[in-house]
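Asker: First the structure, then my questions, so here it is.
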Amino acid sequence: MASDPGLAAMLLWTISLQAVGTAGTNSNEVNLLDTTTITGDWGWLTYPSHGWDAINEMDEYFSPIHTYQVCNVMSPSQNNWLRTGWIPREGARRIYIEVKFTLRDCNSMPGVLGTCKETFNLYYYESDRAAGSAIRTAVNQFIKIDTWEWDLGGGRRRLQLNTEVRGVGPLNRRGFYLAFQDIGACIALTSVRVYYKRCVGVSRNLAVFTDVVTGADSSSLVEVRGQCVDHAEERDTPKMYCSAEGEWLVPIGRCVCSAGFEEHRDSCVACEVGFYKPVAGDGLCGKCPQHSHSEARAALNCPCDSNYYRATDDPPAAPCSRPPSAPVNVISSVNGTSVNLEWDRPLDTGGRSDLQYSVLCQKCSGEGGSCEDCRSGTAAVRFIPRQTGLTEPWVTVLNLVAHTNYSFRILAMNAVTHVSNEPSLYASVNITTNQAAPSEVLAIRQENTSQNSVTLLWHEPNQPNGVILEYDIKYYEKDNEEQSYSTLKSKNTSARVSGLKPGTKYIFQVRARTSAGCGRFSQNVEIQTGKAAPLRYNTMTILWICMALVSGLVAFLAIIICRKRHCGYSKAFQDSDEEKMHYQNGHGMFDPFLNYYHILVSFPDARFYIDPHTYEDPCQAVHEFAREIEASRIKIEKIIGSGEFGEVCYGRMRLPGKRDIPVALKTLKAGYTEKQKRDFLAEASIMAQFDHPNVIRLEGVVTQSKPVMIITEYMENGSLDSFLRRHDGQFTIIQLVGLLRGIAAGMTYLSDLGYIHRDLAARNILVNSNLVCKVSDFGLSRVLEDDPDAAYTTSGGKIPIRWTAPEAIAYRKFSSSSDVWSYGVVMWEVMSYGERPYWNLTNRDVIKSVEEGYRLPAPMGCPAALHTLMLDCWQKDRNERPRFCQIVTVLDKLIRNPENLKSMDTLCSPPLMERAIPDFSSCNSVDEWLDTIKMGRYKDHFAAGGYHTLGHVIGMNQGDIQRLGVTLMGHQKKIMTSVQLMRAQVLNKSVPSVHV
Ligand code: ACK
């Protein structure tokens, strides 16, 4: 025992401190050596033998205490080594040595000055294996870690237990030794702990990071990759860094729970039954959508319940759905050869919003009832907007064959219809088409072409839509279209057009006509007649020419005589096979030579209209044509006017399976006589025979209960005359021509049926909300009875003088031509916005002035082309008046070429009825003048603009009128035309009394 025995007791005191000084290890520290756990001697090597001593004693609790002590403070030149056993490194790159010791202060020990030291050194030495006990030779290889002094640890106490920690790294060998060198101090090592640090495995962001040993030096970080927990997958590679202190730093990346699993406390747990998770992610398991289920845990999706489906592009979260039920309440409305189908949505949409409809169409033959797809054959049936994939509950089907039964199926479907393999449910409706104009004539070809004639052949239209009564052949010189064209009629599919100029190019067009009207003209066919051969006269030729001329003259005279015997224009020539009408510059006129060539055989007028008075019992007639409607289906809402037989009301009608529609109801007032009832219902019997978009439509009659009613479609804008007055000056010329075109189309239809209206006037035209004009008022006696404008004539009848053709007034010769006269007056009413024809002239004066050749002047602002057409309608000779279908053609041309509507020749129109021009001579002021032209509303504008006298006014131009704030074009024109008239009157000095 080398230690100074007198000092041992002092060291024991230090040992008693050990119990309070021992610190527990952290969880991130792994001990490689811990002397506190060694029972008994530590077994370390000492050198020299009188240096360090192993001391085994008892503490105050009688627990054994092991220490190494040295205290050779009295002897100089001490070099005492204490070496641990070989400590395997166990993968550690950096180790920590925690030493607890006491170190005595030399001053506290008397007599040691000069030899006593207060420091000791710590060394280490790496080796791959235990190096045996040769410590003396090895000390040179030991590497110093540190030197400890007695006061280290901050204390100045004489004796205290120090705890010192030192780190060493990097270590590379499999193990190492530690060694303590004493150079003459009084030291007691009470414990030595050697450990390394690690980051303890954790689970972070659903990734597991296992234990990892810290890096080799105090600042190095060790990058560690995490592994996703069970049922999780990497989003971004999960990583963390392990610091030298054994702490996890900077987590990067993460894992997410796989499909069918959700996160629960750092792990992924399976979705419960009834829940699902379709994709990996942060989301939680969702409850199975409506009409779906999951049978096991961890479901990725929820299959649909039986009879429910998902469309291919439905997301897994979409509820399962079903195909829709059938559409309901299909309503069909047939219009000629087209039908409009409307329906209501299926009651069950299957839980989806992607409802679509398809329409199947079958054409059914009457007899066997066999049906075929209505697209088969040549007819190009069209569906608007389309046949399949309809999103709105309606479709219009065009180009059907007239008078044919069709069956339509409206299929409702959605995106699961195909998935389900169930047949689509449908609603069906059967219809029968009405008559319609024939389709276009196709394939016109020429057969023989000579210098003066061409023979044309063509095919019947694909859709004749009835019996073809005749074909119109229209032709004109190619370079001369606008001036003149000719028409020729043929009963069959060929025609020889003669009287042509040699060597000239002609354009030919053909159209078919049935009782339903004219079809469209075919495409242009251009044909050039042969060139004239130079004449070579010889005696024979001259003889032949003379004979031909003589026989031509004889034939011509015969024709003239023949014509005289017949009774004028149309009827006279309807016995010919080909009828020709020369229409030039809008004036109808016959060319006898052309008639000679072309008018040969006629065919009877197609009169389909049946006069109900030919029935003994008019009630039988009405039921033959019109449907009886139960009064309970009608709801009268308000009175809108009064007719001859009773009130006219607005109401709504609901028929079984159809939507309620607005209707006009003409009632027969109580206390009527049988004759009144007969006359009242006669109108319904007539109206029921008509079916045309420009003729008011009869919905039905109520005769089985009172009040007896006639039900017609409702026309929102009422009668045309008051409608125009309400909208004075507010329409463009094209809009006005559009109104007129509609009326002419309706009249074409009626006249083709042989119906003569006799009271065509703006007050008898009704206008709907789309500004469609429809001819109405079809009573028979009504012309004479219920029209306030009708006046008694000398022949005893009551006639609307201002609208009636002279021959009808004079000897009651009513015809479609007299209707054309009335149409001319309607044109005038329209263009003057409901002005009264002939203003305040008496009926007697009207008759007289018309007889004398005066005609209504162009209304203010009326284009010359329209006034010319009016004048054509007012030709004295009714045969010279255009037919309604020609009027339609002229108006169509004007609509297509609106520049022709620009010219106004108001001041130089042919025979003006001068007395009818407003006479401004009686106007004393601007206000009076404005009142006269019904523009009184602008009095203030004129006054504000400084136009106080008519003298100022006659100098105005259109710009001045605009600047006054007259914005409506119609009003500007009206005022401007009046200014021009006034100026003309003043300049002519024909009205000297005009106050200027
Ligand atoms: O000019 P209005 O408003 O239009 O006044 C008369 C009234 O009834 C007496 O005839 C109106 N009227 C007649 N038939 C119809 C109908 N089908 N639709 C709307 N109004 C009508 C006419």
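Asker: Taking the conditions exactly as written (basic (Lys, Arg), out of contact with any helix residue (DSSP H, G or I) (no Cβ under 6 Å at 6 or more places or on another chain), crowded, with 16+ Cβ neighbours inside 10 Å and touching a residue at least 60 places away in the same chain (Cβ under 8 Å)), does Lys489 satisfy them or not?
Answerer: Numbers: basic (Lys, Arg): yes; out of contact with any helix residue (DSSP H, G or I) (no Cβ under 6 Å at 6 or more places or on another chain): yes; crowded, with 16+ Cβ neighbours inside 10 Å: yes; touching a residue at least 60 places away in the same chain (Cβ under 8 Å): yes.
Spelling it out, Lys489 is indeed basic (Lys, Arg), out of contact with any helix residue (DSSP H, G or I) (no Cβ under 6 Å at 6 or more places or on another chain), crowded, with 16+ Cβ neighbours inside 10 Å and touching a residue at least 60 places away in the same chain (Cβ under 8 Å).
Asker: In addition: Looking at the range 277-300, can you tell me whether even one residue there is outside any loop (DSSP other than H, G, I, E, B), of a type in the set (S, T, N, Q) and farther than 26 Å from Arg204 by Cβ? First the steps, then the outcome.
Answerer: Within the range 277-300, the first condition is being outside any loop (DSSP other than H, G, I, E, B), and the residues that meet it are 281, 286-287, 292.
Filter once more, keeping what is of a type in the set (S, T, N, Q): 292.
From the residues that got through so far, the ones that are farther than 26 Å from Arg204 by Cβ too are 292.
Checked against the condition, which is being outside any loop (DSSP other than H, G, I, E, B), of a type in the set (S, T, N, Q) and farther than 26 Å from Arg204 by Cβ, the range 277-300 yields at least one hit.
Asker: Can you tell me how many residues within the range 848-895 are at pLDDT below 90 and over 29 Å from Ala810 (Cβ atoms)?
Answerer: 2
Asker: Please go through the range 788-827 and pick out each residue that is in a loop (DSSP other than H, G, I, E, B), in contact with a helix residue (DSSP H, G or I) (Cβ under 8 Å, 6 or more places away or on another chain), at pLDDT 85 or above and not hydrophobic (A, V, I, L, M, F, W, C). It would help to see each step written out before you state the result.
Answerer: Restricting attention to the range 788-827, the residues satisfying the condition of being in a loop (DSSP other than H, G, I, E, B) are 788-789, 793-797, 804-805, 812-815.
Subset that is in contact with a helix residue (DSSP H, G or I) (Cβ under 8 Å, 6 or more places away or on another chain): 789, 793, 795, 797, 804-805, 813-815.
Now narrow it down to the ones that are at pLDDT 85 or above: 804-805, 813-815.
Result: Thr804, Lys813, Ser815.
Asker: Residues that are surrounded by fewer than 19 Cβ atoms within 10 Å (Cβ to Cβ), part of a loop (DSSP other than H, G, I, E, B), of a type in the set (Gly, Ala, Ser) and at pLDDT 85 or above: does the range 395-409 have at least one?
Answerer: Scanning the range 395-409, I find no residue that is surrounded by fewer than 19 Cβ atoms within 10 Å (Cβ to Cβ), part of a loop (DSSP other than H, G, I, E, B), of a type in the set (Gly, Ala, Ser) and at pLDDT 85 or above, so the answer is no.
Let's see how each residue does on (1) modelled with pLDDT of 95 or more; (2) under 30 Å from Phe690 (Cα atoms); (3) aromatic (Phe, Trp, Tyr):
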| site | (1), (2), (3) |
| --- | --- |
| Asp313 | no, no, no |
| Ala317 | no, no, no |
| Cys320 | yes, no, no |
| Ser332 | no, yes, no |
| Thr349 | no, no, no |
| Leu360 | no, yes, no |
| Gly369 | no, yes, no |
| Gly389 | no, no, no |
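Asker: Could you check the range 676-697 and list, in sequence order, the residues that are of a type in the set (D, E, K, R) and part of a loop (DSSP other than H, G, I, E, B)? Outline the logic, then answer.
Answerer: Here is the first cut: in the range 676-697, the ones of a type in the set (D, E, K, R) are 677-679, 683, 691, 697.
Residues satisfying the conditions are Asp691, Arg697.
Asker: Still on this structure, please answer the following. Within the range 216-243, which residues are assigned to a loop (DSSP other than H, G, I, E, B), at pLDDT 90 or above and crowded, with 17+ Cβ neighbours inside 10 Å?
Answerer: We begin by selecting, within the range 216-243, every residue assigned to a loop (DSSP other than H, G, I, E, B); these are 216-221, 226, 229-231, 243.
Next, only the ones that are at pLDDT 90 or above stay: 226, 229-231.
Passing the criteria: Gly226, Val229, His231.
Asker: Between residues in the range 690-711 that are touching a residue at least 40 places away in the same chain (Cβ under 8 Å) and residues that are assigned to a loop (DSSP other than H, G, I, E, B) and more than 16 Å from the ligand (Cβ to nearest atom), which pairs lie under 6 Å by C-beta distance while being six or more apart or on different chains?
Answerer: What qualifies is Asp691/Asn434; Gly700/Arg627.
Asker: Among the numbered criteria (1) in a strand (DSSP E or B); (2) within 10 Å of the ligand (Cβ to nearest atom); (3) not aliphatic (A, V, I, L, M), which single criterion is violated by Gly700?
Answerer: Here Gly700 meets the rest and fails (2).
Asker: Further question: Looking at Ile710, Ile743, can you tell me which residue is within 16 Å of the ligand (Cβ to nearest atom), over 18 Å from Gly643 (Cα atoms) and of a type in the set (A, V, I, L, M, F, W, C)?
Answerer: Within the list Ile710, Ile743, the selection yields Ile743.
Asker: Another one. Could you please let me know if Val966 is outside any helix (DSSP H, G or I), surrounded by 13 or more Cβ atoms within 10 Å (Cβ to Cβ), modelled with pLDDT under 80 and not acidic (Asp, Glu)? Step through it out loud before you land on a result.
Answerer: Numbers: outside any helix (DSSP H, G or I): yes; surrounded by 13 or more Cβ atoms within 10 Å (Cβ to Cβ): yes; modelled with pLDDT under 80: no; not acidic (Asp, Glu): yes.
Spelling it out, it is not the case that Val966 is outside any helix (DSSP H, G or I), surrounded by 13 or more Cβ atoms within 10 Å (Cβ to Cβ), modelled with pLDDT under 80 and not acidic (Asp, Glu).
Asker: Which of the residues belonging to the range 717-738 are within 15 Å of the ligand (Cβ to nearest atom) and either closer than 18 Å to Gly643 by Cβ or surrounded by 21 or more Cβ atoms within 10 Å (Cβ to Cβ) (or both)?
Answerer: Of everything in the range 717-738, those that are within 15 Å of the ligand (Cβ to nearest atom) and either closer than 18 Å to Gly643 by Cβ or surrounded by 21 or more Cβ atoms within 10 Å (Cβ to Cβ) (or both) turn out to be Asn717, Gly718, Ser719, Leu720, Asp721, Ser722, Phe723, Leu724.
Asker: Quick check on this structure: which one of Ser333, Ser353 is touching an Asp or Glu at 6+ places or on another chain (Cβ under 9 Å) and either surrounded by 15 or more Cβ atoms within 10 Å (Cβ to Cβ) or not β-branched (Val, Ile, Thr) (or both)? Let's see the steps before the verdict.
Answerer: Working: Ser353 fails: touching an Asp or Glu at 6+ places or on another chain (Cβ under 9 Å).
Exactly one of Ser333, Ser353 is touching an Asp or Glu at 6+ places or on another chain (Cβ under 9 Å) and either surrounded by 15 or more Cβ atoms within 10 Å (Cβ to Cβ) or not β-branched (Val, Ile, Thr) (or both), namely Ser333.
Asker: Restricting to strands (runs of 3 or more DSSP E) lying wholly in the range 478-564: which have 2 or more residues that are over 30 Å from Val467 (Cβ atoms) and modelled with pLDDT of 80 or more?
Answerer: Counting at least 2 such residues, we get 525-528.
Asker: Name the pairs: first residue in the range 719-740 and more than 16 Å from Arg896 (Cβ to Cβ), second residue within 11 Å of the ligand (Cβ to nearest atom) and in a helix (DSSP H, G or I), Cβ to Cβ under 6 Å, at least 6 apart or on different chains?
Answerer: Listed by first residue and then by second, the contacts come to Ser719/Arg763; Leu720/Ala762; Asp721/Ala762; Asp721/Arg763.
Asker: Taking into account only those residues within the range 640-664 that are within 14 Å of the ligand (Cβ to nearest atom) and closer than 22 Å to Ile331 by Cα, which is surrounded by the fewest Cβ atoms within 10 Å (Cβ to Cβ)?
Answerer: Among those residues, the one meeting the criterion is Pro662.
Asker: Then there is this: Would the range 947-955 turn up any residue that is over 28 Å from Asp845 (Cβ atoms), at pLDDT 85 or above, among the hydroxyl-bearing types (Ser, Thr, Tyr) and part of a helix (DSSP H, G or I)?
Answerer: There is no residue in the range 947-955 that is over 28 Å from Asp845 (Cβ atoms), at pLDDT 85 or above, among the hydroxyl-bearing types (Ser, Thr, Tyr) and part of a helix (DSSP H, G or I).
Asker: Could you tell me whether any residue of the range 368-378 is closer than 30 Å to Glu713 by Cα and out of contact with any strand residue (DSSP E or B) (no Cβ under 7 Å at 6 or more places or on another chain)?
Answerer: Pass one, the range 368-378, residues closer than 30 Å to Glu713 by Cα: none.
No: zero hits.
Asker: Output the residue which, of all residues in the range 614-626 that are surrounded by 14 or more Cβ atoms within 10 Å (Cβ to Cβ) and of a type outside the set (Gly, Ala, Ser), is farthest from the ligand (Cβ to nearest atom).
Answerer: Result: Tyr615.
Asker: Checking Phe680 against (1) in contact with a Phe, Trp or Tyr (Cβ under 6 Å, 6 or more places away or on another chain); (2) more than 21 Å from Gly746 (Cβ to Cβ); (3) more than 15 Å from the ligand (Cβ to nearest atom), only one condition comes out false. Which one?
Answerer: The failed condition is (3).
Asker: Considering only residues of the range 715-758 that are assigned to a loop (DSSP other than H, G, I, E, B) and among the small types (Gly, Ala, Ser), which is modelled with the highest pLDDT?
Answerer: By that ranking, first place goes to Gly718.
Asker: Among the residues of the range 50-90, write down those that are within 29 Å of Arg173 (Cα to Cα), among the hydroxyl-bearing types (Ser, Thr, Tyr) and assigned to a loop (DSSP other than H, G, I, E, B).
Answerer: Thr84
The values are calculated or read from the model by the stated rules, or taken from the named source; none is laboratory data. All values derive from a computational prediction rather than experimental measurement. All Cβ positions, even for glycine, are placed from backbone atoms using ideal geometry, and neighbour counts span all protein chains on display.
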